[in-house]
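Peer 1: I am attaching a structure below and will ask some questions about it afterwards.
Every number here is computed from the coordinates shown, using simple stated rules; none is lab data. All values reported here derive from a predicted model rather than from experimental measurement. So basically every Cβ, Gly included, is an ideal-geometry build from the backbone, and we count neighbours across all protein chains shown.
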Amino acid sequence: MTLPSEGKLLRIFIGENDKHGGMALYEWIVRRAREEGLAGATVLRGIEGFGGHSRLHTAKVLRLSSDLPIVVEIVDSEEKVEAFLAAIEGAIGEGLATLEKAEVRFYRSGEASADG
């Protein structure tokens, strides 16, 4: 798979405890991205953060939180990212989604090339 040099970075900020269809929302998003043929997705777990309710979520031992911040990042062409976001937006009850330009420098799968 190749990516255009001008792509989009989609970041979805949600909570670790958010669910969709009985599954963790971040897992559902990644699986859906794979089904839709997007180039890839990465889930990042934050150690501290707050969102729209201004409630602090932290991984500190003195204040155990099982609802830590989660960021799902996806890079692909603008068309694929926009279509994907429109398809999943209804599943996200609380959260934030951002889009920004992404300059794709390389995208390598690790598969042996036809040349070598």
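Peer 1: Could you check the stretch 1-52 and list, in sequence order, the residues that are closer than 13 Å to residue 97 by Cβ, in contact with a Pro (Cβ under 9 Å, 6 or more places away or on another chain) and in a strand (DSSP E or B)?
Peer 2: Listed by number, the residues that qualify are 13, 14.
Peer 1: Quick check on the stretch 99-110: of everything there that is assigned to a strand (DSSP E or B) and exposed (fewer than 13 other Cβ atoms within 10 Å of the Cβ), which residue is nearest to the chain's Cα centre (by Cα)?
Peer 2: Per the criteria, the residue is 100.
Peer 1: Just checking, how many residues over the stretch 66-98 are out of contact with any Gly (no Cβ under 8 Å at 6 or more places or on another chain), assigned to a strand (DSSP E or B) and either basic (Lys, Arg) or crowded, with 17+ Cβ neighbours inside 10 Å (or both)?
Peer 2: The number of residues fulfilling the criteria is 1.
Peer 1: Okay, next question. Can you find, within the stretch 11-34, the residue that is farthest from the chain's Cα centre (by Cα) among those that are surrounded by 14 or more Cβ atoms within 10 Å (Cβ to Cβ) and of a type in the set (A, V, I, L, M)?
Peer 2: Per the stated criteria, the residue is 24.
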